[in-house]
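Heads up, the thing below is written out as structure tokens.
The values are calculated or read from the model by the stated rules, or taken from the named source; none is laboratory data. Please read all numbers here as calculations on a predicted model, not as lab measurements. Here the Cβ is made from the backbone with ideal geometry for all residues, glycine too, and neighbour counts use every protein chain on show.
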Ligand SMILES: Cc1cc2nc3c(=O)[nH]c(=O)nc-3n(C[C@H](O)[C@H](O)[C@H](O)COP(=O)(O)O)c2cc1C
């Protein structure tokens, strides 16, 4: 395959679109769009999110220690994007977007009620990366919408309808259809004869 070298930039790499929900010392909720997010360990269950040190979200996490990360479904793209355009230092984004939050049962961190998948997290440590702080957090609880489960308890990803963010070209995309089962599709090739 013929390729172009783009240099050490962040262009195009597909990332999830999430809302990080936090609370400040006065109990005010803040919502921030974040795409530099991922689950990075199963044991212990750990999530990483990279935050610019000037974000209100970063200050809230350092002070309050608990937060949630919420998948943004395609239907919430406008509200989600607004939370990436405006800082909680200057505006109340719950008011701006009408997104409702509820207290997480395990940590009390705010969860975005209309998100199909919310992850309650507790701050563990951070790594300084220039202007950014890679926050590592323990996953305390995950809340998945009922509509995603069939009678056998099997998950249908269509209920999550997660946005994918393509940095650099600054576009949100939706998932297409299922391609294959993981840890399974490759068996035909991975199996020794
Ligand atoms: C699609 C998208 C993804 C973003 N991802 C991140 C991110 O991962 N880390 C970060 O620090 N800022 C990210 N931002 C920028 C913040 O969302 C933005 O600066 C926001 O206003 C900060 O809000 P706060 O000050 O209330 O925390 C992203 C913005 C957009 C639109």
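Any residue in segment 66-80 that is more than 13 Å from the ligand (Cβ to nearest atom) and surrounded by fewer than 16 Cβ atoms within 10 Å (Cβ to Cβ)? Taking every residue of segment 66-80 in turn, at least one turns out to be more than 13 Å from the ligand (Cβ to nearest atom) and surrounded by fewer than 16 Cβ atoms within 10 Å (Cβ to Cβ). Go through segment 141-174 residue by residue and tally those that are exposed (fewer than 15 other Cβ atoms within 10 Å of the Cβ), part of a strand (DSSP E or B) and within 12 Å of the ligand (Cβ to nearest atom). Going through segment 141-174 one residue at a time, the tally reaches 2. Across segment 176-185, not a single residue is classified as surrounded by 11 or more Cβ atoms within 10 Å (Cβ to Cβ) and under 29 Å from residue 85 (Cβ atoms).
If you go through segment 91-105 and pick out every residue that is near the ligand (Cβ under 8 Å from one of its atoms) and over 20 Å from residue 52 (Cβ atoms), you end up with 0.
Which pairs do you get when a residue that is free of Cβ contacts under 8 Å to residues at least 12 places away in the same chain, found in segment 2-22, comes within reach of a residue that is assigned to a strand (DSSP E or B), reach meaning Cβ atoms under 9 angstrom, with the pair 6+ apart or on two chains? Close Cβ pairs (under 9 Å, with a partner that is assigned to a strand (DSSP E or B)) do not exist here.
Every residue, every condition in (1) at pLDDT 95 or above; (2) over 23 Å from residue 167 (Cα atoms); (3) part of a strand (DSSP E or B), yes or no:
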site: 50; (1), (2), (3): yes, no, yes
site: 78; (1), (2), (3): yes, no, no
site: 84; (1), (2), (3): yes, no, no
site: 94; (1), (2), (3): yes, yes, no
site: 102; (1), (2), (3): yes, yes, yes
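For segment 115-130, the candidate set comprises residues that are surrounded by fewer than 19 Cβ atoms within 10 Å (Cβ to Cβ) and touching a residue at least 12 places away in the same chain (Cβ under 8 Å); within that set, the residue that is farthest from residue 26 (Cα to Cα) is 129.
Take residue 46 and tell me if it is more than 13 Å from the ligand (Cβ to nearest atom), out of contact with any helix residue (DSSP H, G or I) (no Cβ under 7 Å at 6 or more places or on another chain) and modelled with pLDDT of 95 or more. For residue 46, the condition - more than 13 Å from the ligand (Cβ to nearest atom), out of contact with any helix residue (DSSP H, G or I) (no Cβ under 7 Å at 6 or more places or on another chain) and modelled with pLDDT of 95 or more - is met. Take residue 57 and tell me if it is out of contact with any helix residue (DSSP H, G or I) (no Cβ under 6 Å at 6 or more places or on another chain), near the ligand (Cβ under 7 Å from one of its atoms) and closer than 17 Å to residue 97 by Cβ. Yes; evaluated as a whole, the condition is true for this residue.
Among the candidates 88, 27, 108, single out the residue that is within 13 Å of the ligand (Cβ to nearest atom), assigned to a loop (DSSP other than H, G, I, E, B) and over 14 Å from the mean Cα position of the chain (by Cα). Exactly one residue qualifies, and that residue is 88.
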